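Here it is: the structure, laid out below.
The values are calculated or read from the model by the stated rules, or taken from the named source; none is laboratory data. Given the structure is predicted, the values throughout are model-derived calculations rather than measurements. FYI the Cβ positions are ideal-geometry reconstructions off the backbone, even for glycines, and counts take in every protein chain you see. SASA here: full protein model, heavy atoms, side chains in, ligands and nucleic acids out. Shrake-Rupley method; radii C 1.70, N 1.55, O 1.52, S 1.80 Å.
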Amino acid sequence: MILTSTARSLITAPGLGRRAASGIAAKYSQALFGAALAKSPQTLTKVHSELVNVSTAIKKDPEVATFVKNPTLSLQERNKGLQGIYAKVESVGPKKEPLSDITKNLFTVLSENGRLYETEGVIEGFNELVAKHKGEVTVTVTSATALPKDILNRLETTLKQSETGKAAKVLTITNKVNPSVLGGLIVDFGDKTVDLSVQSRVTKLNNVLTQSV
């Protein structure tokens with residue numbers, strides 16, 4: 001399958017930084033999205049639904065979370081553990097349908113490549129691709145404290161006037177709180193990031209001072 005051949009080529013040497021790991025997860029996401037969409041729009045929807053259930057299991061079931069994030073397990077232990085996850089996900093909902101081959105294939109490849117710990121990043125990237133495919137754009141505004149509704153509404157109005165906003169069928173704004181932002185805002189909009197935080201200015205100043213010494 002396309003997913004298998006593409007993802008197998010992503011095996012890299014250990015010791016990669018966080019940015020490299022994130023890039024690898026994105027490539028798995030792209031391979032998965034391409035494989036699901038190539039089969040049919042219905043398959044894409046099914047895979048999306050299945051991964052939502054996997055993500056929920058990771059967040060709510062400590063046993064699943066520990067398994068996925070444990071890099072010390074052998075291939076045999078990983079493959080055995082995956083059967084348990086499949087059973088949990090397949091039991092969700094009234095229909096109790098078996099997982100699609102594409103979803104199982106993803107986890108087989110992640111397991112064989114020793115990259116099950118990338119699962120959450122792969123799912124997040126896949127969800128973004130599905131949203132883009134549907135014409136949905138999510139804007140994440142990170143601030144030191146929760147923003148008032150009127151400010152979020154003003155941001156939404158401004159963003160809808162941008163090229164990306166005009167092209168979007170649905171634009172959704174979420175506000176994340178991160179005290180380390182130290183005032184100001186960080187806006188993640190599509191594939192763009194606008195850093196208006198005080199922390200960003202401090203970092204830039206530190207860089208200039210360091211280079212001047």
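At 0.36 nm per residue, minus the direct Cα-Cα distance, what do Lys69 and Thr157 gain on full extension? Give it in nm, one decimal, please.
27.7 nm
Next up: Check Ser197: other-chain or 5+ apart residues with amide H under 5 Å from its amide H, H built from backbone geometry?
Leu185
Here's another thing I want to ask about it. First compute the accessible area of segment 126-186 with a 1.4 Å probe, then give the percent of it belonging to carbon and sulfur atoms.
After summing per-atom areas, the C and S share lands at 55 percent.
In what order, largest first, do Leu185, Leu82 sit by accessible area if the probe radius is 1.4 Å?
Listed by decreasing accessible area, they come as Leu185, Leu82.
Using the Karplus curve 6.51 cos²θ - 1.76 cosθ + 1.60 with θ = phi - 60°, what ³J(HN,Hα) values do you get for each residue of segment 163-173, in whole Hz, with x for Gly and Pro?
4, 5, x, 5, 7, 6, 7, 9, 10, 10, 10
Less than 22 Å apart at the alpha-carbon level, and either on another chain or at least 8 residues along: which lysines does that give for Lys88?
Lys46, Lys59, Lys60, Lys69, Lys80, Lys96, Lys104
Same structure again: Please compute the modelled spin-label separation between Asn178 and Gln42, points set 7 Å along Cα→Cβ, answer in nm with one decimal.
Here the answer is 4.1 nm between the modelled labels.
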